[in-house]
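Peer 1: Got a structure for you, questions after.
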Amino acid sequence: MTELGRANQSLAAAKEWAPEKSLEDMDKAGVATSITSITTPGVSFGDDALARRLARECNEYAARLASDHPGRFGNFAILPWPNADASLREIEYSLDTLKADGIGMLTNYGDKWFGDPYFAPIFEELNRRKAVIYTHPTSANCCRNALAGIPDTAIEYGTDTSRAITRTVFSGTSQRYPDIRIIFSHAGGTMPFLIERLVNLAKTPQYATQLPKGYLAEATKFYYDTAQASNPAAMSALRKVVPVSQIVFGTDYPFRTSIDHVKGLKDCGVFSAQELRAIERENPLKLLPRRRA
């Protein structure tokens, strides 16, 4: 929190986070295990040495948290991107030594979106490892504070998630690195609403050869969490685009509570009891099988 404050990036809800509060939130909702991750703005503030140190400290703290509370916490490790060499070292350390559950990345890094060839060294290594990547949206350089008085979290985050999904598919990244399992936040942002446009774009001469099976063949490989989207509109739209097997439980805690999402999914009227069990337990365990124990 000290470095976030120095970078003028302090988040009020994050300041109040504590393991005990998280466990209390989980217990109220019947959540067995939480997978922690570092949200926007990440750890890179223009100083490579600081980014490396913060990434290592955050990842080691997350590993200690998991060790101190067996079975209750896992984590997606943060990388000191855009330093590729340091990020590769952190992948090795986090996955091999700290036994992280996967890697956490942002939807964009300035003017480069997730899925851009710019990230090739990272994707090549994570594909080799058949790793899980969890993504979280952030504001892009192009689009911060686009509407006066409206925070980027209200509109821009969902939009940027859609940009990242679109870039991953139409850049050929999802085909080039087929063994990476990718989780996109917030039910895919605005992607389900834009599905007709994306499906038709894949049929154009520019992309038809590259995507012979169409847009959906790639987009339905990804996983989508329910964080801040466990409502009838978002869940109905997402289910029309991807099978239930690709939807996983998420909460965005401490910005929202676990019980909000457990209740929201149950009350939205979209899923059967069996499907809710898949979203809340079985689908995540397919991605993170060692958490079954």
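Peer 1: Go through the residues of the range 279-293 one by one and say whether even a single one is out of contact with any Phe, Trp or Tyr (no Cβ under 7 Å at 6 or more places or on another chain), of a type in the set (Gly, Ala, Ser), more than 18 Å from residue 180 (Cβ to Cβ) and surrounded by fewer than 13 Cβ atoms within 10 Å (Cβ to Cβ).
Peer 2: Yes, some residue in the range 279-293 is out of contact with any Phe, Trp or Tyr (no Cβ under 7 Å at 6 or more places or on another chain), of a type in the set (Gly, Ala, Ser), more than 18 Å from residue 180 (Cβ to Cβ) and surrounded by fewer than 13 Cβ atoms within 10 Å (Cβ to Cβ).
Peer 1: Considering each of 62, 32 in turn, give the residue that is at negative phi and outside any helix (DSSP H, G or I).
Peer 2: Residue meeting the stated conditions: 32.
Peer 1: Oh, and also: Taking the range 92-118, which residues are in contact (Cβ under 8 Å) with a residue 40 or more places away in the chain and either in a helix (DSSP H, G or I) or not small (Gly, Ala, Ser) (or both)?
Peer 2: 101, 106, 107, 108, 109, 113, 114, 116, 117
Peer 1: Moving to a separate point now. Residues being out of contact with any Lys or Arg (no Cβ under 9 Å at 6 or more places or on another chain), hydrophobic (A, V, I, L, M, F, W, C) and under 25 Å from residue 156 (Cβ atoms): count how many of those fall in the range 93-136.
Peer 2: Qualifying residue count for the region: 4.
Peer 1: Where the second residue is of a type in the set (Lys, Arg) and assigned to a strand (DSSP E or B) and the first is without any contact (Cβ under 8 Å) to a residue 60 or more places away in the chain and at negative phi and lies in the range 126-148, which pairs have Cβ atoms under 8 Å and are six or more apart or on separate chains?
Peer 2: Close Cβ pairs satisfying both conditions: 131/181; 133/181.
Peer 1: Would you check if there is a residue in the range 252-261 being touching a Ser or Thr at 6+ places or on another chain (Cβ under 7 Å), surrounded by 21 or more Cβ atoms within 10 Å (Cβ to Cβ), among the polar types (S, T, N, Q) and not in a loop (DSSP other than H, G, I, E, B)?
Peer 2: yes
Peer 1: For the subset of the range 164-185 comprising residues that are outside any helix (DSSP H, G or I) and not hydrophobic (A, V, I, L, M, F, W, C), which member is nearest to residue 239 (Cα to Cα)?
Peer 2: Just the residues of the range 164-185 that are outside any helix (DSSP H, G or I), to begin with: 171-172, 177-185.
Filter once more, so that each one left must be not hydrophobic (A, V, I, L, M, F, W, C): 171-172, 177-179, 181, 185.
Numbers: 171: 25, 172: 24, 177: 25, 178: 23, 179: 23, 181: 19, 185: 15 Å.
Among residues in the range 164-185 that are outside any helix (DSSP H, G or I) and not hydrophobic (A, V, I, L, M, F, W, C), the one nearest to residue 239 (Cα to Cα) is 185.
Peer 1: Report, by residue number, each residue of the range 52-85 that is at pLDDT 95 or above, under 18 Å from residue 108 (Cα atoms) and small (Gly, Ala, Ser).
Peer 2: 55, 77
Peer 1: Report every pair of residues separated by at least 6 positions or lying on different chains whose Cβ atoms are under 6 Å apart, first residue within the range 26-50 and under 17 Å from residue 183 (Cα atoms) and touching a residue at least 12 places away in the same chain (Cβ under 8 Å), second among the acidic types (Asp, Glu) and assigned to a loop (DSSP other than H, G, I, E, B).
Peer 2: 35/101
Peer 1: Let me ask something additional. Provide a single number: the residues in the range 186-209 that are in a loop (DSSP other than H, G, I, E, B), over 20 Å from the mean Cα position of the chain (by Cα) and either of a type in the set (A, V, I, L, M) or under 16 Å from residue 165 (Cβ atoms) (or both).
Peer 2: Taking the range 186-209 and keeping what is in a loop (DSSP other than H, G, I, E, B), we get 189-194, 202-209.
Narrowing the set further to residues that are over 20 Å from the mean Cα position of the chain (by Cα) leaves 202-209.
Narrowing further to those that are either of a type in the set (A, V, I, L, M) or under 16 Å from residue 165 (Cβ atoms) (or both): 202, 207-208.
Residues that pass the stated criteria total 3.
Peer 1: Which ones in the range 119-151 are hydroxyl-bearing (Ser, Thr, Tyr) and modelled with pLDDT of 90 or more?
Peer 2: Listed by number, the residues that qualify are 134, 135, 138.
Peer 1: When only residues in the range 65-83 that are part of a helix (DSSP H, G or I) and aliphatic (A, V, I, L, M) count, which is nearest to residue 183 (Cα to Cα)?
Peer 2: Restricting to residues being part of a helix (DSSP H, G or I) and aliphatic (A, V, I, L, M), the top hit is 66.
Peer 1: Quick one: which residue in 96, 85 is of a type in the set (D, E, K, R), over 20 Å from the mean Cα position of the chain (by Cα) and within 30 Å of residue 170 (Cβ to Cβ)?
Peer 2: One residue alone meets the criteria, 85.
The values are calculated or read from the model by the stated rules, or taken from the named source; none is laboratory data. Nothing here was measured: the structure is a model prediction, and the numbers come from that model. In this analysis, Cβ positions are derived from the backbone assuming ideal geometry, glycine residues included, and neighbour counts consider all displayed protein chains.
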